[in-house]
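Input: a single structure, listed below in structure tokens.
Values in this text are rule-based calculations from the coordinates and carry no lab data. Everything quoted here is computed from the prediction, not taken from an experiment. Note that we place each Cβ from the backbone using ideal geometry, even for glycine, and neighbour counts take in every protein chain shown.
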Amino acid sequence: MNKKLLIGIILLFVGIVAFVLFFNMNKSSGPVGTSENLVLFYSDSCPHCQNVEKFLEENKVLDKVSYVRKSVDNNSANISELQKRAAACGLSDSIGIPFLWDSSNSKCLMGDADIIKFFQEKIK
């Protein structure tokens, strides 16, 4: 077999493989958003957080929307991040939990009712 023909076949094969890999990486599948787009700050002792958790579990929200949960119980790094996210939304004095940070539009939500409503709209 001719050396140029062999190199051409190899380059064609590599090109096809690269195209298929690129196409599959950019294909949208699975939950909406990425794990760092939505961050839910909570505490295990918070009754409003438990309301949100109950809604999320009953409606299998994690199967439909990707988000990260971060406990503020005895976790200074998560508390600091919560304060930073709240400050980005212009909040500094009255920061409550549950607290949802949506980085896709720099939106902050506090309280079970607003967060549940947000997720209800996302899973429709």
Packing-based exposure ordering (other Cβ within 10 Å, fewest first) of 79, 116: 79, 116
Placed amide H near residue 69: partners under 5 Å, 5+ positions off or other chain: 40
Over 23 Å between alpha carbons, listed pairs 60/84; 84/107; 64/117; 70/124; 84/122: 60/84; 70/124; 84/122
